[in-house]
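What follows draws every value from the coordinates through simple rules; no lab data is involved. This one's a predicted model, so the numbers in the text were calculated from it and none came from an experiment. Virtual Cβ from ideal backbone geometry, glycine too; neighbours counted across all protein chains shown.
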Amino acid sequence: MKTVITYGTFDILHFGHINLLRRARALGDRLVVGLSSDEFNRGKHKSSLLNYANRKVVLEAIRYVDEVFPENNWEQKISDIAKYGASIFVMGDDWKGKFDFISEYCEVVYLSRTEGISTTEIKQTLGN
Ligand code: C2G
């Protein structure tokens with residue numbers, strides 16, 4: 001059983017997120033997702049429109065996602081990898097290089113980001 005792990009805010013879900021989750025899941029037999037808590041998002045200077053409970057329900061409904069757990073801080077990834085027995089850590093390549101330290105614990109894969117869509121752009125469009 002090869003477990004893949006990834007993290008994110010996943011606010012206002014769009015095909016960029018789905019592209020990431022689908023490809024991450026395809027690398028193993030199950031995908032677990034660390035979903036940024038509302039508190040952690042404030043620390044990332046990202047306010048999500050949808051709160052954690054709402055974003056969690058949406059993420060859990062995706063066929064590529066097997067389990068969702070809270071991401072509360074930057075430091076929990078290594079213990080999460082042990083807790084979930086993850087052998088592949090995946091992030092979009094806007095994070096390329098930022099998580100290379102994790103390669104001591106499991107394989108690190110950066111997948112190409114889907115261009116032309118972002119929650120920020122959607123929020124700006126909504127705001128106009
Ligand atoms: N993503 C993508 N293409 C997009 C938008 C997002 O591939 N057009 C990917 C990102 O690269 C990330 C994932 O989808 O791997 C989730 O994106 P966000 O919800 O924006 O998450 P982020 O703010 O990058 O938080 O500890 C890591 C952080 O929690 C990641």
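Would you mind classifying the stretch 49-116 by shape? Square roots of the alpha carbon gyration tensor eigenvalues, ordered a ≥ b ≥ c; an a/c under 1.5 is rounded, otherwise it is prolate if a/b is larger than b/c and oblate if not.
oblate
Once you have the Cα-Cα distance between TRP95 and SER112, take 0.36 nm times their residue separation minus that, and quote the gain in nm to one decimal.
Taking TRP95 through SER112 to full extension adds about 5.1 nm, to one decimal.
For Cα pairs less than 8 Å apart in space and 6+ apart in sequence, what is the mean separation divided by the residue count of the chain, i.e. the relative contact order in percent?
31 percent.
Looking at the P(r) of the chain, how many percent of alpha-carbon pairs lie beyond 25 Å?
18
Quick check: Cα centre of the stretch 54-76 to Cα centre of the stretch 1-37, how many Å?
What the calculation gives is 8 Å, centre to centre.
In nanometres, what is the gap between the two model label sites at ALA61 and GLU104, each 7 Å from Cα along Cα-to-Cβ?
Taking the simple label geometry, ALA61 and GLU104 are separated by 4.1 nm.
If you fit an axis through the alpha-carbon atoms of helix 15-26 and take the longest principal axis of the Cα set of the chain, what angle between them do you get, 0 to 90°, nearest 10?
10
Would you be so kind as to identify which of ILE78, GLY34, ALA24 lies farthest towards the positive end of the dipole of the chain, taking Lys and Arg as +1 and Asp and Glu as -1 on Cβ and the Cα centre as origin?
With unit charges placed on the Cβ atoms, the residue in question is ALA24.
All other residues with a Cβ under 14 Å from the Cβ of VAL32 taken together, and with Lys, Arg as +1 and Asp, Glu as -1, what is their net charge?
0
Among MET1, MET91, which comes first, second and so on when ranked by fewest other beta-carbon atoms within 10 Å?
MET1, MET91
At 222 nm, what helix-only mean residue ellipticity would the chain give, in deg cm²/dmol to the nearest 500, using -39500 (n - 2.57) for each DSSP H run of four or more?
-9500 deg cm²/dmol
Can you tell me which of 59-67, 21-29 comes out highest on packing, and rank the rest after it, using the mean Cβ neighbours within 10 Å?
Order by mean packing, descending: 21-29, 59-67.
Figure the gain on full extension for LYS44 and ILE18 (residue separation times 0.36 nm, minus the Cα-Cα span) and round it to one decimal in nm.
In short, 7.2 nm is gained.
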